[in-house]
Structure formats: structure tokens, C-alpha cells
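All remarks here apply to the structure that follows.
The values are calculated or read from the model by the stated rules, or taken from the named source; none is laboratory data. Predicted, not measured: the structure shown is a model, and the values here were computed from it. All Cβ positions, glycine included, derive from the backbone under ideal geometry; neighbour counts span all protein chains shown. Quick note on the areas: whole protein, heavy atoms, side chains included, nothing else; ligands and nucleic acids left out. Shrake-Rupley method; radii C 1.70, N 1.55, O 1.52, S 1.80 Å.
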There are 2 protein chains.
Amino acid sequence: MELKHCINYLLSASQNTVFQYFSQKLSDYNITPAQYGVLNCLWGNGDLTPKQIGKLLLLEASSVSGILDRMQTNKLIERKIDPNNRRTIIVSATKKANDMRCAIEAIVVDMNNKFLSQLSDMEKDKLRSNLQKIIEIGRK
Amino acid sequence: MELKHCINYLLSASQNTVFQYFSQKLSDYNITPAQYGVLNCLWGNGDLTPKQIGKLLLLEASSVSGILDRMQTNKLIERKIDPNNRRTIIVSATKKANDMRCAIEAIVVDMNNKFLSQLSDMEKDKLRSNLQKIIEIGRK
């Protein structure tokens, strides 16, 4: 099979190019794409447990824990003990993170527009749903 | 923007799931997806310089050099000095690598079939060409 037909090669090369661009844009705000993922979860859902964040981002608990550690050091999130269940930790976005929300969401929209600029709206939807199918197959 | 619509998230999650599966299958032969990329170039084109390999795989010279080092240690490739140009290094696949070719190519076909099983032939072509468009945009 030619490399340009191999789905692992195509996904690795396209992910790498999008990730590099996105990382570079987000670095102005001193955050990473993975940290944006966490903020997106918190902005869309309100406070969450680390387990809920991992489920939304399809990440292992150990990966989530490492990302949250760095975000806490950088004052982007707070971890509090749930007053209703003292064995549960609740993660919330800080004011510092919330103040950057508008600018960061503009970067996300710009990045999506840039890389999908040659696709019609129908083609964009199809690409997204086909990538989602690949993700689902991996979870089975 | 919802995370499930963000192209960085979709590519990262789909690449991660395909890469994990592919890595696990290739580990039976003690090679990585990146090393398979190099072998694919050599099998399709014959002997190549490290620069030519980097161009085909869209990788920096330093990354190619690291991959080749590990492949040479593992006796998958040889580096020779080009007799026609003593400043040029030529990389070739070893007999050990060539003996695994059939089995490794079967893994690649199986992996592509698995993750693209829900797509028609036309949808597969479209997905590949749209990922190729994303790669090209990143190279501009």
C-alpha cells in the first residue's frame, strides 16, 4: 500500500500539521492544545471531576492528572473538595482562564477555518463524522 | 465551538486510536509505525538518501536520523557511502527487514480495513483526499 493511502500516515501527518499550528497560536496565551481541551470541557459544562474530564477528552486518569497539575501551577484551574462528597475532587476554571476565553475561542475558529477552507460545509460535516467513526471503532 | 467539531480534537483522537492499534500490531515484529514508514519508502523506491526519506515522510532531518539510528541497531537498515558521491549516505533495507515485508504489509491492510470498515470506497477516497488537503495547507 502506498503511504499516501495509509490511514495511519494520513492521520499522523495531518494531526501533526494542525497540532503544530494550533500549539504555536495558543503559546501566546501560554496554554497547550490539551489544556484548551480541559478548558473547553469546563466552559461548556461548568465544574467537573477529573474523571468526567477524562471521559470527555478520551484520556486516561494519569494523563488528566498531569495536565491538571500544570494548569493549576499556571493558575488556569482550581481543585476543590466536593462539600457533598469529601472523596470527590471538583475542577473549576479560574478567572484568569475565563478572561482568556474569548481570545482562545477566536484562535480555535480561525484554526478550523484555515485547515478546512477548501471543503464545502457538507464536506466538513462528512469529514468530522468519518473521523468520529474512526474514534468509535477504536473504543470498541 | 464544541470539542467534537474541532478539527484538532478529531484528528488527535482518531490519530491516537489508530496509532495505538497499529503500534501494538507492529510490536510483534519489534518495529514502530515511524520505522514502517521508512521501510515503506525503501520497499517502494529502492535505496534512498536520508534527505529523500525525510521528504517522503514529511519529517525533519533530525527526526529521520534518530529513526534510522534505532533501525540500524535493530538491523533493519544499512547505511553505506554512495560510491559515486562520497559525501552522500545511502540507506537500504536489510534481508531481515525484507523477510518481514509480507507480514507487515498484511498488518497495514488489516489496520486500514478495520478503521475504514464503515465507509464506502468513494467515502474512503474522499476522506484520504481531504486529509491530504489539510496536510498541504500546513506545508504552505
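Calculated mean residue ellipticity, 222 nm, chain A: -22000 deg cm²/dmol, from DSSP H runs (n ≥ 4) at -39500 (n - 2.57) each, averaged per residue and rounded to 500. Axis of helix B:121-139 versus longest Cα principal axis of chain B: the two differ by about 70°, to the nearest ten degrees.
Per-residue SASA remark: B:GLU136, around 80 Å² accessible (1.4 Å probe; ligands, DNA and RNA not included). Using a 1.4 angstrom probe on protein heavy atoms only, the contact between B and A buries about 4600 square angstrom of accessible area, both sides summed. Annotation: A:LYS25 carries an accessible surface of approximately 70 Å², with a 1.4 Å probe and no ligand, DNA or RNA atoms counted. Taking the Cα centre of the range A:9-115 as reference, the dipole from Cβ charges on Lys and Arg (+1) and Asp and Glu (-1) amounts to some 280 debye.
Ordering A:MET1, A:MET100, B:MET122 by accessible surface, largest first, gives B:MET122, A:MET1, A:MET100; the 1.4 Å probe counts only protein heavy atoms, with every chain in place. Considering only protein heavy atoms and a probe of 1.4 Å, how much of the accessible area of the protein assembly as shown is carbon and sulfur, as a whole percent? Roughly 50 percent of what the probe reaches on the protein assembly as shown is carbon or sulfur. Average accessible surface for the range A:3-139: 52 Å² per residue, computed with a 1.4 Å probe over protein heavy atoms with every protein chain in place.
Counting only protein heavy atoms and using a 1.4 Å probe, the accessible area of A:ASP110 comes to about 70 Å². Given the options B:VAL64, B:GLN118, A:SER129, identify the residue whose Cα lies farthest towards the positive end of the charge dipole of the protein assembly as shown (+1 on Cβ of Lys, Arg; -1 on Cβ of Asp, Glu). Most positive-ward Cα: B:VAL64.
In terms of distances greater than 25 angstrom between alpha carbons, the cross-link table entries B:LYS25/B:LYS95; A:LYS133/B:LYS133; B:LYS51/B:LYS75; A:LYS25/A:LYS75 yield no pairs at all. Surface listing: A:ARG128, A:ARG70, B:ARG101 arranged by accessible area from highest to lowest gives A:ARG70, B:ARG101, A:ARG128, probe 1.4 Å. Averaged over the residues of A:124-132, the number of partner chain Cβ atoms lying within 10 Å of the residue Cβ comes to 6.
The angle separating the long axis of helix A:7-26 from the principal Cα axis of greatest extent in chain A is about 50 degrees.
Positive contributions from Lys and Arg (+1) and negative ones from Asp and Glu (-1), summed over other residues with Cβ under 13 Å from the Cβ of B:ASN16, come out at 0.
Seen against the Cα atoms of chain B and their longest principal axis, helix B:95-115 is set at about 10 degrees.
Just so you know, the Rg over Rh for the protein assembly as shown is 1.03, from Cα atoms, with Rh as the Kirkwood radius. Over chain B, the hull volume per residue, using the convex hull of the C-alpha atoms, is 143 Å³. Each Lys and Arg Cβ is given +1 and each Asp and Glu Cβ -1; about its Cα centre, the protein assembly as shown then shows a dipole of about 420 debye.
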